[in-house]
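A.B. asks: Following this message is one structure expressed as structure tokens.
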């Protein structure tokens, strides 16, 4: 597709379960970001990938969160032992390279019950 | 600590009039600024950007103004249309950083 694709669109999970969120960036985009937006709040940076460089993980809120990216393609964000405060919309974005605007996917709405 | 602030949670404007959305920042290292528009249940859509070497950038009905001394930027929409009703986020990044810092958004309602 032409845009950033995220799956699933919605995910409801029980507290304590692990979840995996997927992001397919725009083809050829070397930079990839994960953000989250909790209800009533702004976008919160989680992690940044740029090509084959080491990712910037400075935004990950705890060691329950991890992300991987294979080369310049798909990325997965994994949340282990989910908690209710993890409920949010998780947004992925990509850009052609570091210096330009980022294009966002539609997000994955995660609800932890 | 919120480095990018949008102090107006909401704004209502009559169709055809000008909409002015404001954004303030605290980090003097920011050198690239962007505006995004977001409809419910969709991801943010890029609107317009400006680098710190400029004080104005225009794209159709959208103009962004940057006042570096005041650490302030604004987005002007002229004329406003009902389809512009959405949440608008400003964002900023430092040349040495990776992440974009986002404001908390301003919900714009354009009244027909």
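None of the figures in this text is laboratory data; all of them are computed from the coordinates on show. As the structure is a prediction and not an experimental result, all values here were calculated from the model. Every residue, glycine among them, receives a Cβ derived from its backbone with ideal geometry; neighbour counts consider all protein chains shown.
A.B. asks: Rank B:98, B:67, B:22 by mean-square fluctuation in a GNM of chain B with C-alpha springs under 10 angstrom and give only the top-ranked residue.
C.D. replies: Of B:98, B:67, B:22, the Gaussian network model singles out B:98 as fluctuating most.
A.B. asks: In percent, how large is the relative contact order of the range B:13-71, given Cα pairs closer than 8 Å and 6 or more residues apart?
C.D. replies: With pairs under 8 Å counted, the relative contact order is 24 percent.
A.B. asks: Hey, another quick one. Can you give the mean number of other chain Cβ atoms that lie within 10 Å of the Cβ atoms in peptide B:36-49?
C.D. replies: Partner-chain Cβ atoms within 10 Å, mean over residues of B:36-49: 4.
A.B. asks: Taking every residue in B:92-103, how many Cβ atoms of other protein chains lie within 10 Å of its Cβ, on average?
C.D. replies: 5
A.B. asks: I've got another one for you. Could you tell me the ratio Rg/Rh of chain B? Both radii from Cα atoms, Rh via Kirkwood.
C.D. replies: Details: Rg = 13.4 Å, Rh = 14.0 Å.
Reported Rg/Rh (Cα atoms, Kirkwood Rh): 0.95.
A.B. asks: Can I ask one more? Go from 0 up to the bin containing the longest alpha carbon distance in the protein assembly as shown, width 5 Å each, and give me the % of pairs per bin.
C.D. replies: Percent of Cα pairs in each bin: 1, 7, 15, 18, 18, 17, 12, 7, 3, 1, 0.
A.B. asks: Return the inverse of the average 1/r over all pairs of distinct C-alpha atoms in the range A:5-96, which is the Kirkwood hydrodynamic radius, in Å to one decimal. Walk me through the intermediate numbers first.
C.D. replies: Numbers: mean 1/r = 0.0745 Å⁻¹.
For the range A:5-96, the Kirkwood estimate is 13.4 Å.
A.B. asks: Using a 10 Å cut-off on Cβ atoms, rank the peptides A:39-49, A:84-94, A:70-80 from the highest mean neighbour count down.
C.D. replies: Highest to lowest by the protection proxy: A:84-94, A:39-49, A:70-80.
A.B. asks: How far apart, in nm, are the 7 Å Cα→Cβ label points at residue B:18 and residue A:70?
C.D. replies: 5.2
A.B. asks: Also, quick follow-up: Can you tell me the length gained on complete extension of the stretch residue A:12 to residue A:52, counting 0.36 nm per residue apart and subtracting the Cα distance?
C.D. replies: Between residue A:12 and residue A:52, full extension yields 11.1 nm more.
A.B. asks: In percent, what relative contact order does chain B have, based on Cα pairs under 8 Å that are 6 or more apart in sequence?
C.D. replies: Values: 272 pairs, mean separation 41.9, N = 112.
That works out to 37 percent.
A.B. asks: Specify the inter-centroid distance of the range A:72-90 and the range B:14-36, based on alpha-carbon positions, in whole Å.
C.D. replies: 29
A.B. asks: How high is the relative contact order of the range A:5-96, given as a whole-number percent (alpha carbon pairs under 8 Å, six or more residues apart)?
C.D. replies: Working: 179 pairs, mean separation 35.5, N = 92.
Rounded, it is 39 percent for the range A:5-96.
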